Amino acid sequence: MDKTDLLTVTELQKHFPVRRGLLQRKAGAVQAVDGLDFNVRRGETLSLVGESGCGKTTTGRLLTRLLEPTGGKIVFEGKDITHVSRGAMRPLRKDIQMVFQDPYSSLNPRHTVGTIVGAPFRLQNVQTPNGIKKAVQDLLELVGLNPEHYNRYPHEFSGGQRQRIGIARTLALRPKLIVADEPVSALDVSIQAQVINLLEDLQEELDLTYVMIAHDLSIVRHVSDRVAVMYLGKIVEIGNAEQLYAKPRHPYTVALMSAVPIPDPSRRTNRARIRLTGDVPSPLNPPPACRFHTRCWKAQEICRTQEPPLAELVPGQQVACHFPENTTASTGAA
Amino acid sequence: MDTKAEEDWGSGDSFVDVRPRPGEAEYYDSAPKPSSSFLELRDLRVHFPTDDGLVRSADGLSFTLERGRTLGIVGESGSGKSVTSLAIMGLHKQGTAKITGEIWLDGEELVAASAERVRELRGKKMAMIFQDPLSALHPYYTIGTQIIEAYRIHNKVSKAVARKHAIEMLDRVGIPQPSSRVDDYPHQFSGGMRQRAMIAMALSCDPELLIADEPTTALDVTVQAQILDLIRDLQQEFNSAVIIITHDLGVVAELADNIMVMYAGRTAEYGPVDDIFNRPQHPYTWGLLGSMPRLDKERADRLLPIMGTPPSLINVPSGCPFHPRCNYAKLTGGLSTDEVPKLRSVDGDHSVACHLTAEQRLHAWETDIKPNL
Amino acid sequence: MITFIIRRLFAAVLMLLVVSMVTFAVFFLVPRLAGQTTDQLAAQYVGKNPSPTQIHAMEVKLGLDAPLYVQYGRFLKGIVAGQTFNDGPDVSVCPAPCFGYSFKNQEPVWPQMLSALPVTGSLAIGAAIIWVVFGVGIGVLSALRRGTVFDRAAMTVALAGVSLPVFFTALLSLAIFRDTIPLFPDAGTFIPFSQDPLRWAGALVLPWVTLAFLYAALYARLTRAGMLDTMNEDFIRTARAKGLVERRVVVKHGLRATLTPIVTIFGLDLGLLIGGAVLTETAFSLPGLGRFAVNAINNKDLPEILGVTMLAGFFVVMANLIVDILYAVIDPRVRY
């Protein structure tokens, strides 16, 4: 195992049982996450990207052990945390923290900002050199908020500021790994940039490792070192961000990138757009073998019968496809 | 905050003040002249008197739109873009909103028209689709029932005929097996299909104006692409005028012919899509373009956010509403804080509401903005 | 859907069994906890000055010496198939459903309850119709005319309705409309429908209004709140955007969505009420189940108490069942 790996995930699986019928028997399972293999290196930003139903949010919750996996293994700093009890997990929560998507519902409206950001200290019984209040004020300053606003309530802040409060809370115990679940999608465009910059600055200043979960491909490209593209509970492509965006190899990745609207009107007519038909299939009943074959324009017989393994085609990039693309991406990165 | 205006007009919380503020175009025409465009807004103001003050959601908007063309209204939350579209449709409650100005639709003025007349036009001449199709469709009625209802309001036909039409519409928007899906409930559709169903419902009476309020924000990116393609195809087929409201500059670049950038209830910049993207004139537009990471360009080292937060529509900053967040406000020698900038033409249809001189703007564009975009 | 109904039916039957068990256990334990012996218990059934032989005979007849579960078993069997009480030459048959015999008047409990049922039924259903029409109607109008004089007045009256005790309103209405201005001279009695429909209604008007006043007030507030919420929903805006007339928007789109929780609450309220509108029946001297229950309690007549509890429980459980199924029928999103 690579010494610089902070987190290693092997065949991670999470199935949610579906019960039906008179006796509420298990009729099937939502295969939210179905066999993920990846690692997160210290100090890097790995992004999980995909559309609804791909399992990225579930993965985020599995990594922070808010959910317990139904299969596979999660190893954090050499420790197997896959099935540890809640009590055993508690001290580890100093090291693994989460930033949530909705700044409006992830802060308790009845608590002051000081209480919210100071809670981690109290919960983990961490002693601070100059008292919790001072520590909280330092954190507020760190995220660009006025430390004088210690006694204000969340509703007195804007969405962007609330997200900063959430980030301050996350940083309280100086975690090693932060899982950020769509940290900016609920924010206005101009505020998104502020928060993205903040996250990047903090990463440098505090030597943080990020797992970023997002659906906005442009933002993902900007912040990530490595990117994992997910589809229906599986990773279809994972690799170095620049490489992946320049030459996406999985057909789904290609389609995804070509679907993103580019703010350049001159590209309207001459853009090679791949139009995927239909909607994402349900994770209750994913297609057999290659899960993407129902929407893939290259699907052949083998795609319907044999699941393609995640294979390293070029150094630093793994793809799960029988007929990967090798052309230059239609996004035309300069 | 707004001391000068307060001096002149009072604090505004007990009476509704819709007179133009200092520095704005005086629009005191006695008899409004009908518009020659298909859709024209003249100095539209939508104000909401509340206990906390007067909310100036739309504060002097003017634009035109022809059949077969698309206008993209771009703005962030609190810019007043949704309020504007609801005003066109006449969907504001009579008591709560004070609307002044003119809305001309195919030669008919709507602000002064009776509520009943506007209701007749809704669905038939102008239709709207909303951001979240799950909450925008009634959960207890099937899609078919809702489309049939929409059709039969404006067409005296039997239920059977309306049902046939509903199935045709569902087919037209690309829903597979429309004759069976017409009896499904909204929650039985996936997000993309639901939005298609809503489009089918909106277009069932062949409206000449379609307003799409953030139609793809709640959808996955591959589905978004399908919906945008669909809107474009349908527009070409029906030759409708389309207004697309969004915060996503990529979306307007795909669809719009003209763009109106809104800030704090006003137009910051207006013009053809190429002009807006290649020669933007307003610092706010620069800020929007700079704060977005781009897939088609080199990876930027750092994003260039706009400092501060969008203003509350109750306490709109004096003068130019963008001045507290503008890096160039000081260059105008006090104009930005004192005087509301008028929308002035820069080049043909391209106009901007900004106090910076053309030279100042060019300089800023060349030195600061363009190299970083 | 069928499996859903079957599952709910099973749950309902199970619930009824639990109610019967708990009630019976209490019925069994209470006299024993009060220190009564089986003899004393049997004595209550015999009447005045019981002799020891009579007491003993009654004991055997009613099986009071048997252990709890045996007695419970017999009780259940009695409800389903009737019971035969054997004390030598005297055999009394208590047909199904058998709830035993009243202490006070030795009469079987079930027929007494059966005769009280139409009274309570007339009262409850009549009042229900009035309170739904007025309560929901006023609630809707208040919501649509929010903030106006009508709204404020209606909600103030509703507050009164909710705050004034039923017996107060009852006695007041009797004093005014029966005694002072004899509009309803029959109030305070019950005239069976079969006997004279007009007088039946006349006697019930005051009780109906009294009971309905309370519930209408509650429903007005509930409906108003629900309506205000619903009218802010996105699908209402869509309905208007289609060009629907406002009336249709309110009724077909707004009301339909608001009424769903109201319907379910109504089912539960009615179910509870049919088990006995105690205060109203007492105030108006109506011989319904409520008054029956009160009298039974006053007389410590355990079999009657057990009987009325079981019957009321039955209505509540049934109401719950119907309400559950109704909800699944009305709201297509409910998974079953």
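Among what's in region C:215-248 and is among the aliphatic types (A, V, I, L, M) and surrounded by 22 or more Cβ atoms within 10 Å (Cβ to Cβ), pick the residue that is farthest from the other protein chains (Cβ to nearest Cβ). Quick ask: steps written out before the conclusion?
Initially, region C:215-248 is screened for residues among the aliphatic types (A, V, I, L, M), giving C:216-218, C:220, C:222, C:225, C:227-228, C:231, C:236, C:239, C:241, C:244-245.
Still in the running and surrounded by 22 or more Cβ atoms within 10 Å (Cβ to Cβ): C:216-217, C:220, C:227, C:239, C:241.
Values: C:A216: 26, C:A217: 27, C:A220: 22, C:M227: 15, C:A239: 7, C:A241: 5 Å.
The selected residue is C:A217.
Can C:G135 be described as part of a helix (DSSP H, G or I) and within 19 Å of C:E281 (Cβ to Cβ)? Reasoning before the result, please.
Numbers: part of a helix (DSSP H, G or I): yes; within 19 Å of C:E281 (Cβ to Cβ): no.
No.
If you take the residues in region A:83-115 that are touching an Asp or Glu at 6+ places or on another chain (Cβ under 8 Å) and not in a strand (DSSP E or B), which one is surrounded by the fewest Cβ atoms within 10 Å (Cβ to Cβ)? Walk me through how you get there before you give the answer.
Narrowing region A:83-115 to residues touching an Asp or Glu at 6+ places or on another chain (Cβ under 8 Å): A:83, A:95, A:98-101.
If we keep only those that are not in a strand (DSSP E or B) as well, we get A:83, A:95, A:100-101.
Values: A:H83: 12, A:D95: 17, A:F100: 19, A:Q101: 21.
My answer is A:H83.
Quick one: A:R291 ticks every box in (1) among the charged types (D, E, K, R); (2) more than 20 Å from the chain's Cα centre (by Cα); (3) crowded, with 17+ Cβ neighbours inside 10 Å; (4) not in a loop (DSSP other than H, G, I, E, B) except a single one, so which number is it?
(4)
Would you call C:A66 aliphatic (A, V, I, L, M), exposed (fewer than 14 other Cβ atoms within 10 Å of the Cβ), farther than 29 Å from C:V316 by Cα and modelled with pLDDT under 80? Before the answer, list the steps.
Values: aliphatic (A, V, I, L, M): yes; exposed (fewer than 14 other Cβ atoms within 10 Å of the Cβ): no; farther than 29 Å from C:V316 by Cα: yes; modelled with pLDDT under 80: yes.
No, not satisfied.
Identify the single condition in (1) modelled with pLDDT of 75 or more; (2) surrounded by fewer than 20 Cβ atoms within 10 Å (Cβ to Cβ); (3) in a helix (DSSP H, G or I) that C:A57 does not satisfy, given that it satisfies every other one.
The one condition C:A57 does not meet is (1).
Search region B:196-215 for residues being part of a loop (DSSP other than H, G, I, E, B) and buried (at least 24 other Cβ atoms within 10 Å of the Cβ), and hand back the single one that is farthest from the other protein chains (Cβ to nearest Cβ). Can you show your working first?
The initial filter retains those residues of region B:196-215 that are part of a loop (DSSP other than H, G, I, E, B), namely B:204-208, B:214-215.
Next, only the ones that are buried (at least 24 other Cβ atoms within 10 Å of the Cβ) stay: B:204, B:215.
On the way: B:S204: 9, B:P215: 12 Å.
For region B:196-215, the residue satisfying everything is B:P215.
Here is a yes/no grid of residues against (1) crowded, with 24+ Cβ neighbours inside 10 Å; (2) more than 8 Å from chain B (Cβ to nearest Cβ):
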site: A:L187; (1), (2): no, yes
site: A:A193; (1), (2): yes, no
site: A:I213; (1), (2): yes, yes
site: A:G233; (1), (2): yes, yes
site: A:E237; (1), (2): yes, yes
site: A:N240; (1), (2): no, yes
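Would you mention how many residues in region C:219-263 are assigned to a helix (DSSP H, G or I) and farther than 17 Å from B:Q146 by Cα? Talk me through it step by step, then tell me what you get.
Filtering region C:219-263 down to residues assigned to a helix (DSSP H, G or I) leaves C:219-231, C:234-241, C:246-263.
The next check asks that each one be farther than 17 Å from B:Q146 by Cα; those that pass are C:219-231, C:258-263.
Residues meeting the conditions: 19.
For the structure I just gave you, tell me whether C:L211 is in contact with a Ser or Thr (Cβ under 9 Å, 6 or more places away or on another chain), at pLDDT 90 or above and within 28 Å of C:L306 (Cα to Cα). It would help to see each step written out before you state the result.
On the way: in contact with a Ser or Thr (Cβ under 9 Å, 6 or more places away or on another chain): yes; at pLDDT 90 or above: yes; within 28 Å of C:L306 (Cα to Cα): yes.
Against the criterion (in contact with a Ser or Thr (Cβ under 9 Å, 6 or more places away or on another chain), at pLDDT 90 or above and within 28 Å of C:L306 (Cα to Cα)), C:L211 qualifies.
If A:E51 satisfies every condition in (1) exposed (fewer than 15 other Cβ atoms within 10 Å of the Cβ); (2) at pLDDT below 90; (3) not in a strand (DSSP E or B) but one, which is the exception?
Going through the list (1) exposed (fewer than 15 other Cβ atoms within 10 Å of the Cβ); (2) at pLDDT below 90; (3) not in a strand (DSSP E or B), A:E51 breaks only (1).
Applying the selection to region A:253-288, what residues are among the hydroxyl-bearing types (S, T, Y) and either within 13 Å of A:H322 (Cβ to Cβ) or in a loop (DSSP other than H, G, I, E, B) (or both)? Walk me through how you get there before you give the answer.
Looking only at region A:253-288, we keep the residues that are among the hydroxyl-bearing types (S, T, Y), and these are A:253, A:258, A:266, A:269, A:277, A:282.
A:T269, A:T277, A:S282 - these are the residues of region A:253-288 that are among the hydroxyl-bearing types (S, T, Y) and either within 13 Å of A:H322 (Cβ to Cβ) or in a loop (DSSP other than H, G, I, E, B) (or both).
Could you list, in sequence order, the residues of region A:242-297 that are among the basic types (K, R), touching a Phe, Trp or Tyr at 6+ places or on another chain (Cβ under 9 Å) and more than 9 Å from chain B (Cβ to nearest Cβ)?
Selection gives A:R291 alone.
Suppose we filter region B:222-247 for residues that are touching a helix residue (DSSP H, G or I) at 6+ places or on another chain (Cβ under 8 Å), within 10 Å of chain A (Cβ to nearest Cβ) and within 21 Å of B:I73 (Cβ to Cβ); how many remain?
Result for region B:222-247: 6.
Test A:V117 against the criterion of being modelled with pLDDT of 90 or more, over 23 Å from A:A186 (Cβ atoms) and among the β-branched types (V, I, T), and give yes or no.
Numbers: modelled with pLDDT of 90 or more: yes; over 23 Å from A:A186 (Cβ atoms): no; among the β-branched types (V, I, T): yes.
It is false that A:V117 is modelled with pLDDT of 90 or more, over 23 Å from A:A186 (Cβ atoms) and among the β-branched types (V, I, T).
Considering B:T64, B:T70, which residue is surrounded by fewer than 20 Cβ atoms within 10 Å (Cβ to Cβ) and of a type in the set (V, I, T)?
On inspection, the qualifying residue turns out to be B:T64.
For the structure I just gave you, tell me whether B:R56 is within 26 Å of B:F277 (Cβ to Cβ) and modelled with pLDDT of 90 or more. Please lay out each step first, then the result.
On the way: within 26 Å of B:F277 (Cβ to Cβ): no; modelled with pLDDT of 90 or more: yes.
Spelling it out, it is not the case that B:R56 is within 26 Å of B:F277 (Cβ to Cβ) and modelled with pLDDT of 90 or more.
How many residues, within region B:345-367, are under 22 Å from B:P321 (Cα atoms) and among the acidic types (D, E)?
The number of residues fulfilling the criteria is 1.
Out of B:Q188, B:Q224, B:Q177, B:Q195, report the one residue that is at positive phi and polar (S, T, N, Q).
B:Q177
Does B:A162 qualify as being in a helix (DSSP H, G or I), facing another protein chain (nearest Cβ under 7 Å) and not charged (D, E, K, R)?
Working: in a helix (DSSP H, G or I): yes; facing another protein chain (nearest Cβ under 7 Å): no; not charged (D, E, K, R): yes.
Answer is no for this residue.
Name the helices (runs of 4 or more DSSP H) wholly inside region B:86-158 in which the number of residues that are within 14 Å of another protein chain (Cβ to nearest Cβ) and free of Cβ contacts under 8 Å to residues at least 40 places away in the same chain is 2 or more.
Working: elements: B:115-121, B:133-136, B:143-154.
Passing ranges, in order: B:115-121, B:143-154.
Please indicate, with yes or no, whether at least one residue in region B:350-371 is closer than 27 Å to B:K297 by Cα and acidic (D, E).
yes
Looking at the structure I just gave you, is A:K133 away from chain B (no Cβ under 14 Å) and touching an Asp or Glu at 6+ places or on another chain (Cβ under 8 Å)? Steps first, please.
Numbers: away from chain B (no Cβ under 14 Å): yes; touching an Asp or Glu at 6+ places or on another chain (Cβ under 8 Å): no.
Considered against the rule, which asks whether it is away from chain B (no Cβ under 14 Å) and touching an Asp or Glu at 6+ places or on another chain (Cβ under 8 Å), A:K133 comes out as no.
Please verify whether B:E120 is buried (at least 20 other Cβ atoms within 10 Å of the Cβ) and more than 29 Å from B:E254 (Cα to Cα), treating the condition exactly as stated.
For B:E120, the condition - buried (at least 20 other Cβ atoms within 10 Å of the Cβ) and more than 29 Å from B:E254 (Cα to Cα) - is not met.
Do you know which residues across region A:1-31 are modelled with pLDDT under 90 and under 16 Å from the mean Cα position of the chain (by Cα)?
Of everything in region A:1-31, just one residue is modelled with pLDDT under 90 and under 16 Å from the mean Cα position of the chain (by Cα), namely A:L6.
B:I259 - would you say it is closer than 21 Å to A:S218 by Cβ, touching a strand residue (DSSP E or B) at 6+ places or on another chain (Cβ under 6 Å) and not basic (K, R)?
On the way: closer than 21 Å to A:S218 by Cβ: yes; touching a strand residue (DSSP E or B) at 6+ places or on another chain (Cβ under 6 Å): yes; not basic (K, R): yes.
In short, yes.
The values are calculated or read from the model by the stated rules, or taken from the named source; none is laboratory data. Here the structure is a predicted model, which means the values were calculated and not measured. Cβ: placed from backbone, ideal geometry, glycine included. Neighbour counts: every protein chain shown.
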